[in-house]
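To start, the structure under review is shown below, and the notes come after it.
The values are calculated or read from the model by the stated rules, or taken from the named source; none is laboratory data. All figures in this text were calculated on a predicted structure; none of them were measured in a lab. Note that each Cβ is placed from the backbone with ideal geometry, even for glycine, and that neighbours are counted across all protein chains shown. What goes into the accessible areas is simple: the full protein's heavy atoms, side chains included, and nothing from ligands, DNA or RNA. Shrake-Rupley method; radii C 1.70, N 1.55, O 1.52, S 1.80 Å.
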Amino acid sequence: MWRWRNTRFTAFGGGIEYVTGGWTFSGELARFNLLGLDLDYASLAAEYRLNNGVSLGADYTRFDLFGTDVDLKSVFGYYDMGEYTVGLAIGDSSDLDDTVYTVFGSWDVSPTGTVGIDITRIENETLVSAFADYELDAYNVQADLITTEDLDLVSVGGGYSFGNGFAAIGSLSYFDLAGLDGTSVTVGGQYEFTEGANVELSVGRISTDFADVDHVSFGLNYELGNRTSGRRTLGNVISSATGSFANLTNF
């Protein structure tokens, strides 16, 4: 067995949401670099909430994957029934051969816990992404599943607060990429130096049949609040599903 060390990965990203009257405007921007290979994505969305609980909107997502650009324009609608949300999105792109369809839904199982699923049909493949988020004062847990023809990924991550701004964080993940199986484990710590802002440091290992990758991750996070929109763009799905994997992304 041979080993890679000092693997280089950087990630920058964030999102914003603005609500005024019945309108919700949102945007995201992220950039990843792994060993010199870049992945960029950006999205913009606008939606209007009707008085009957129905929201209608449109979003635009752009991916630049290792030099290949994809622009996806979508219209969507969803129905918010309080604890439950169900919706449908239809997207089109000149870079893709087929129309992209997404059915999505979520359930607020408690005031601080949500589970949801997105089923996307893209380029004759079905992408399924499911998530669960649960948060209390002392701890939080996030679980994600993403599966398609050549990829299966299951991740569980979370943290426990000791008080005075200090918390322990960690994640455990399994993936199968075109027959290549692997696991990822991370452990670390986090310090919240002001409300909504924290720094974190973690160490981890990604293990496959062919190699082990040891890594150290440093992060700076600033969050003012949670998303209110029931619609996740394709960028949301990808960043959420990989968020707890190796403590890499969660924008």
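Observations
- Binning the alpha carbon pair distances of the range 66-117 at 10 angstrom intervals from zero yields the distribution 22, 36, 26, 15, 1, expressed in whole percent.
- Farthest toward positive dipole pole in the range 179-234 [+1 Lys/Arg, -1 Asp/Glu at C-beta], among 186, 203, 234: 234
- With contributions of -39500 (n - 2.57) from each DSSP H run of at least four residues, the per-residue ellipticity at 222 nm computed over the chain stands at -1000 deg cm²/dmol.
- From the coordinates of this entry, log10 I(q)/I(0) by the Debye sum over Cα atoms at q = 0.10, 0.11, 0.14, 0.16 Å⁻¹ is computed, and it appears in [x] -0.51, -0.61, -0.96, -1.19; [y] -0.51, -0.63, -1.04, -1.37; [z] -0.63, -0.73, -0.97, -1.12 under the label [y].
- For the chain: relative contact order, % (alpha-carbon pairs under 8 angstrom, 6 or more apart): 13 percent
- The calculated pair-distance distribution of the range 83-219 uses every alpha carbon pair, bins of 10 angstrom beginning at 0, and gives 11, 29, 31, 25, 5, 0 percent.
- Each part gets one Cα centre, and for the range 128-170 versus the range 35-59 those centres are 23 Å apart.
- With all protein chains modelled, accessible area of residue 104 [1.4 Å, Å²]: 10 Å²
- Within the chain: Cβ-based charge dipole about Cα centre, in debye rounded to nearest 20 (Lys, Arg +1; Asp, Glu -1): 500 debye
- Equivalent-ellipsoid semi-axes of the range 132-190, from the Cα gyration tensor, Å, largest first: 28, 12, 5
- Accessible area, probe 1.4 Å, largest first, for residues 148, 126: 126, 148
- Surface accessible to a 1.4 Å probe, per residue, for the residues of the range 92-251, Å²: 54 Å²
- Area accessible to solvent at residue 238, 1.4 Å probe radius, in Å²: 60 Å²
- The chain - percent of accessible surface contributed by carbon and sulfur, probe 1.4 Å: 60 percent
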